[in-house]
1. Please indicate, with yes or no, whether at least one residue in the range 120-138 is at pLDDT 95 or above and within 16 Å of the chain's Cα centre (by Cα).
2. Counting just the residues of the range 283-297 that are open to solvent by 50 Å² or more (accessible area, probe 1.4 Å) and touching a residue at least 60 places away in the same chain (Cβ under 8 Å), which one comes out nearest to residue 118 (Cα to Cα)?
3. Give me the residue from the range 360-394 that is out of contact with any strand residue (DSSP E or B) (no Cβ under 8 Å at 6 or more places or on another chain) and open to solvent by 70 Å² or more (accessible area, probe 1.4 Å) and, out of that set, nearest to residue 341 (Cα to Cα).
4. Can you pull out every residue in the range 235-276 that is farther than 29 Å from residue 145 by Cα and of a type outside the set (Asp, Glu)?
5. Identify the residue in the range 245-266 that is more than 11 Å from residue 177 (Cβ to Cβ) and small (Gly, Ala, Ser) and, among all such residues, is surrounded by the most Cβ atoms within 10 Å (Cβ to Cβ).
6. Quick check on the range 235-252. Is at least one of its residues in contact with a Gly (Cβ under 8 Å, 6 or more places away or on another chain) and within 23 Å of residue 111 (Cα to Cα)?
7. Taking the range 344-358 as the region of interest, how many residues are touching a Lys or Arg at 6+ places or on another chain (Cβ under 7 Å) and modelled with pLDDT of 95 or more?
8. With respect to residue 95, is the statement that it is in a strand (DSSP E or B), out of contact with any Ser or Thr (no Cβ under 7 Å at 6 or more places or on another chain) and crowded, with 20+ Cβ neighbours inside 10 Å true?
Amino acid sequence: MANNIYGLLNEIETDFSEYEEIELSSKEKEKHKQRILMEVKRMNKRNENRKENKKARAWKMAAGAAAACVVTVGAFSIVNPVQAQELFSSVFGKLIESSQGEKYEQEDTERYQTIGENAVAVQEEVDKRQGEEGYVLTAERDGVTVSVSDVYCDGYILYYTTTLKTDREELNSADGIVLEKKDGQPYDIKVNGTEMAEVIRPFEKSSDGTFVAAQQIDLMNPYDISNNPIELAADENGTLVVDWTVRQLDGYLWDAWDENGEYQTTGTAAGEWSLRFPVTVDTSGNESFDINKEENGILVKRATKTKAGLVVEVELPDFRQEPYNDKYNDPDMGIKDSEGNYLQWLNQKSDLREDGTCTSQIMVLYDGQKDLSFCVTTRDKDQIKIADIGFQVP
């Protein structure tokens, strides 16, 4: 896949014989991946902003707010003014705004728009459950207010948006707010009472001074806090209940470092901010269809179209064997549109067998494309084609 950071890393020659090998769970791998991606994003932002002072950055953010509406409407064909206003005045609009000028602007904008168009307000979820008590959509403590605004859930993935407001100067002066610390657990995420091994992504500062973030919970391959695979079943009304508790908030500057080479902190808030909100698992837009096409030992079996995603199920061989000879059993895979562009990867579930073969479900962001193909290449600089299996979405 073009510009795949993992593919580039695989091309680096490294002698691993001097390192101790430690087996990580899938959720531990996800936590490390999120940390690496966060570091990459900070470095990109640092390089862009190195010569700018804070006043210039503030001006850029304000200009980005207007540019977001113009660029995104033009690029993604939001022609309904009311719809555009609703989207861009929401947390999703602020997230789109914050992504302008960043390295992954297009990917972030596509994701936030597609999810945002199909999300519902959490308050609506609460209102349709009259008589149920205990939901908390806003938590305030020591000058910091945290709230949840929107949710999207199609049975495969759960997105929710969060906002942080504060009058504490040490946090307000930060570029972003991170929920992590060296020891202990800075936050808890529970779904239907089960504590999850999930990552809370950093809050990014928006032009109005609030901090916003889009969070994600994996429903395809969920793990509890002890990294045990679990099943998350909605109740008879199709509801999941999320409990979300934050205990430490650290403000950071993305383009400044302390004497130890760590990103410079502007301040910390400690306490407990707890939210509780219902989510409807909305499968009303899900549509499954068979494909059953094979090439070079790779079978694309079926797919499910959701309101914002496409989940493709494939059978994969042991790529360590002939004719593939991939010692890592890890080729590059993706789903392309008719113009050769990769659809954005959202999630994956893989069931690896002892013989090295695998059944995998791959979820990508979907926006109505009809002619697609499942592409497999070697994960190196040559990216030699292994399979290119075309299929149509009804």
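1. Within the range 120-138, none of the residues are at pLDDT 95 or above and within 16 Å of the chain's Cα centre (by Cα).
2. Result: 283.
3. Checking each candidate, the answer is 367.
4. 237, 238, 260, 261, listed by residue number.
5. So, considering only residues that are more than 11 Å from residue 177 (Cβ to Cβ) and small (Gly, Ala, Ser), the one surrounded by the most Cβ atoms within 10 Å (Cβ to Cβ) is 256.
6. Taking every residue of the range 235-252 in turn, none turns out to be in contact with a Gly (Cβ under 8 Å, 6 or more places away or on another chain) and within 23 Å of residue 111 (Cα to Cα).
7. Total meeting the criteria: 1.
8. In short, no.
The values are calculated or read from the model by the stated rules, or taken from the named source; none is laboratory data. What you are looking at is a predicted structure, and each value in this text was computed from that prediction instead of being measured. Positions of Cβ are generated from backbone atoms using ideal geometry, with glycine treated the same way; all protein chains shown enter the neighbour counts. Areas reflect the complete protein model, heavy atoms only, side chains present, ligands, DNA and RNA absent. Shrake-Rupley method; radii C 1.70, N 1.55, O 1.52, S 1.80 Å.
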